[in-house]
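Data first, discussion second: the structure below is written as structure tokens.
The values are calculated or read from the model by the stated rules, or taken from the named source; none is laboratory data. It should be emphasised that the depicted structure is a prediction, and the values quoted were computed from it without experimental measurement. All Cβ positions, glycine included, derive from the backbone under ideal geometry; neighbour counts span all protein chains shown. Heavy atoms of the whole protein, side chains included, go into the accessibility calculation; ligands, DNA and RNA do not. Shrake-Rupley method; radii C 1.70, N 1.55, O 1.52, S 1.80 Å.
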Amino acid sequence: MKKIWFLFIGIIIILAGIIIFTAPKGSSLETLNNYPGEINIHKSLTCGCCSTYVIYVDGKVSPKVNPIEVQDPDALKEKYGIPSELESCHTTIIGNYFIEGHMPLEAVEKLMKEKPDIKGIALPGMPSGSPGMPGPKSGDFIIYAVNNDGTSNEFMRI
């Protein structure tokens, strides 16, 4: 059992390295990199892809990234008003916004640059090829804005 666990951790570390070292770097995350606060990523105790997402974010931005393990992710999602149909496995908090799921940082950059009057953005599920998830991308990632009244609409496609 220990060998399987170490193999699993090794695969996660390798995937994280691939994501970090093959992704393009540049100044396209200027607003996010100049954010004066911290980025808190609330993740389940048992989720490996959440840890890979933390490594992805931490390797690309300047603000301090805090992984926070939570016993009850559903309570956090309820606190921030994340609709159940838009949920994923982890929730990031930046300032007054939530970012739900395996969100590409280009979408977070747009959110922080435009500062819309919404609760946050969500990429529901665990789409293949999204940051922190293995496999090929199979179409556009549809990212939703969650409005203050709880409704949602398309924020952008990547």
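I need the phi-derived Karplus couplings for the stretch 126-131: 6.51 cos²θ - 1.76 cosθ + 1.60, θ = phi - 60°, integer Hz, Gly and Pro marked x.
9, x, 4, x, 6, x
Between I94 and residues 5 or more places away or on another chain, which pairs have amide H atoms under 5 Å apart, with H built 1.01 Å from N, and which residues are they?
So I94 has HN proximity to I99.
To the nearest 0.05, how large is the calculated FRET efficiency for E106 and T151 if R₀ is 22 Å and r is the Cβ-Cβ distance?
Efficiency at R0 = 22 Å is approximately 0.40.
Under the rule of at least 5 residues apart or a separate chain, name every residue whose amide H is placed under 5 Å from the amide H of I68.
Placed amide hydrogens put I41, H42, K43 under 5 Å from I68.
Report the antiparallel proportion of the DSSP beta bridges in the stretch 39-114 as a percent, rounded to a multiple of 5.
Of those bridges, close to 55 percent are antiparallel.
At a 1.4 Å probe, what is the % contribution of carbon and sulfur to the accessible area of the stretch 72-158? The partial results should precede the final answer.
Numbers: 1920 of 3950 Å².
For the stretch 72-158, the apolar C and S fraction of the accessible surface comes to 48 percent.
What whole number of Å gives the distance from the Cα centroid of the stretch 98-137 to the Cα centroid of the stretch 53-93?
11 Å
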